[in-house]
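Everything below concerns the one structure shown next.
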Amino acid sequence: MLLMAWMMLPGSVRADERSDCEKLNGEASIGACTAVIEAGTYDAADLSTAYLNRGLEYFALRYYDQAIADYTASIALDASKADVFNNRGNAYHAKRDYPMAIRDFDRAIAINPAHALAYNNRGIVYGDMGDYARAIQDYDQAIAIHPAYASAYNNRGNIRAKQGDFRQAVQDYSQAIVLKPSYVGAFNNRAMAYGALGRFAEAADDFRRSMALRPNDTAKAGLAALEARIAAKTAQTSAAPMSFRRMPNTDLAAALLDTVAADSIDACEAACAANSYCRAYSFNMWNALCFLKGDPALRFLEPSTMSGLKSETYPPPISDAGVSMVRFHNKIFPGEPVRESNANRIEDCEATCQISDTCVAYSFVKTEKSCRMFERPGAYASDAGADSGAKRQVVN
């Protein structure tokens, strides 16, 4: 809202018109602003403010076309106010006219580069358009300008959640709540993000806190659905153990739900089984990292990783990305190779592995001039007398 600075003019009737246009709400304000506009005795500055205030009231009543017309009239009289462009952008957004909304937010920012609200509002439009990268950039800028901007944190959390990055979403919602402890929407949003991560107790607690702040259908329905999900999960767990289809030398392109500590494939698999949103996992054996994932979209060659799919999850297609070789200096793969041969250079060993269907990784033992090829390599170890390599698909 713009603060309205009316220049005091003679005449009690004119003062009353302007005061009512500024201070009243709804139809009463619209009537007073219309009287100012139609009086024919006010200067351009007063008329610009009257059009602005009537536009705000039309917008509040959801008369978006009338609001846009009044904002446009206000701009025609005074195009120096960033807030008016921001307000008209909101009206265009409400009509789902995204290009026009973006144009107005751009103009508001051009007039006032520190207009945090315009950055936030433009981020909302980019999010609705599916341009998540630009949305996050705008929320980042709004927060940089106004670090206590709770709504910008909440909105950025919404984009993180749409991208499947629920851990980052939880962090943004939590910061919004720190800045505004009565933020019902942020509690509901964080509850849903917690639910996506399988953290049901925390999700239920957030829905209850939301209801305590203000009874609302979102929290009520979310809590009921959460309780039903917990009951179904309990029944499913007691009925039969979860089964998985394991895929060696495979990583999965999918939304990342969580990263958990796991020292074995079995522990990683158990973590996925315990998360009702988890459809697959990828366990990096070389670094002992477990990644819980949603529905996988693609699988690709990665010798460091064992992936698994829940039994009811359909295997995704295999990536057609090219296979490249990566080398590891002073490293050796343990265990029994599927094949071993003589080689004078690492290049010869690598070339042999590259054309072999059964070779996924190799170790070239320099002191023995020996080439060892592995179908399922374990975690490599340091060895100054060896260099190693592996096949890998890189998926952007």
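Readers should treat all values here as calculations from the given coordinates under stated rules, not as data from a laboratory. None of these values were measured; they are calculated from a predicted model. Counting neighbours? That spans all protein chains shown, and the Cβs are built from the backbone with ideal geometry, glycine included.
Once you have the Cα-Cα distance between ASP295 and GLU227, take 0.36 nm times their residue separation minus that, and quote the gain in nm to one decimal.
Full extension from ASP295 to GLU227 adds 22.2 nm.
At a Cα cut-off below 25 Å, give the lysines reachable from LYS369, other chains included and same-chain residues fewer than 8 away excluded.
The reachable lysines, counting only those whose Cα sits under 25 Å from LYS369, are LYS331, LYS391.
Just to be sure I understand the model, the point goes 7 Å from the Cα along the line to the Cβ. What's the resulting ASN25 to SER370 distance in nm?
In this crude label model, ASN25 to SER370 measures out at 8.4 nm.
Under 5 Å between amide hydrogens, which residues at least 5 positions from LEU257 or on another chain qualify, with H placed 1.01 Å from N in the peptide plane?
Excluding prolines and chain starts, which carry no amide H, the hits are LEU292, LYS293, GLY294.
Just the C-alpha atoms of the range 324-382: what Rg/Rh do they give, with Rh taken as the Kirkwood radius?
Reported Rg/Rh (Cα atoms, Kirkwood Rh): 0.90.
Once label points are set 7 Å from the Cα along Cα→Cβ at both ALA201 and ALA253, what is their separation, rounded to one decimal in nm?
Roughly 3.8 nm, to one decimal.
Rank-order 275-286, 30-41 by packing density, defined as the average count of other C-beta atoms within 10 Å over each peptide's residues, highest first.
275-286, 30-41
Please report, for the Cα atoms of the range 164-240, the Rg to one decimal and the Dmax as a whole number; what are they, in angstrom?
Answer for the range 164-240, Rg first and Dmax second: 13.0, 45 Å.
Read phi for every residue in the range 340-351 and hand back ³J(HN,Hα) as whole Hz from Karplus 6.51 cos²θ - 1.76 cosθ + 1.60, θ = phi - 60°, with x for Gly and Pro.
Calculated HN-Hα couplings, in order: 9, 8, 7, 7, 7, 9, 5, 4, 5, 5, 5, 5 Hz.
If I build a Gaussian network model for the chain, linking alpha-carbon pairs within less than 10 angstrom, which residue out of ASP46, ASP104, ASP83 has the largest mean-square fluctuation?
Top of the fluctuation ranking is ASP46.
Can you return the lysines within cross-link range of LYS81? Criterion is Cα-Cα under 25 Å, with same-chain partners fewer than 8 residues away left out.
Those lysines meeting the cut-off are LYS23, LYS95.
Work out, step by step, the length gained on full extension between ALA76 and GLU336: first 0.36 nm times the residue separation, then minus their alpha carbon distance; give nm to one decimal.
85.6 nm
Above 38 angstrom, tally the Cα pairs of the chain and express them as a % of all pairs, no decimals.
45 percent
Under 26 Å from the Cα of LYS180, which lysines turn up, not counting those fewer than eight places away in the same chain?
Within the straight-line limit of under 26 Å, LYS180 reaches these lysines: LYS162, LYS220.
How far apart, in nanometres, would the label points at LEU213 and GLU347 be if each is projected 7 angstrom from Cα along the Cα-to-Cβ direction?
The answer from the label model is 6.5 nm.
Taking amide hydrogens as modeled 1.01 Å from N in the peptide plane, which residues meet the under 5 Å criterion relative to THR305, leaving out close sequence neighbours?
When sequence neighbours closer than 5 places are left aside, the close amide H contacts are ASN249, THR250, MET285.
Can you work out the FRET efficiency for the pair ALA110 and GLN163, with r the C-beta to C-beta distance and R0 = 25 Å, to the nearest 0.05?
0.30
Spelling out what I want: for every residue of the range 256-273, take phi, set θ = phi - 60°, compute 6.51 cos²θ - 1.76 cosθ + 1.60 (Karplus), and round to whole Hz; glycine and proline get x.
With coefficients 6.51, -1.76 and 1.60, one gets 7, 8, 6, 10, 10, 6, 8, 9, 7, 4, 4, 5, 5, 5, 5, 5, 5, 4 Hz.
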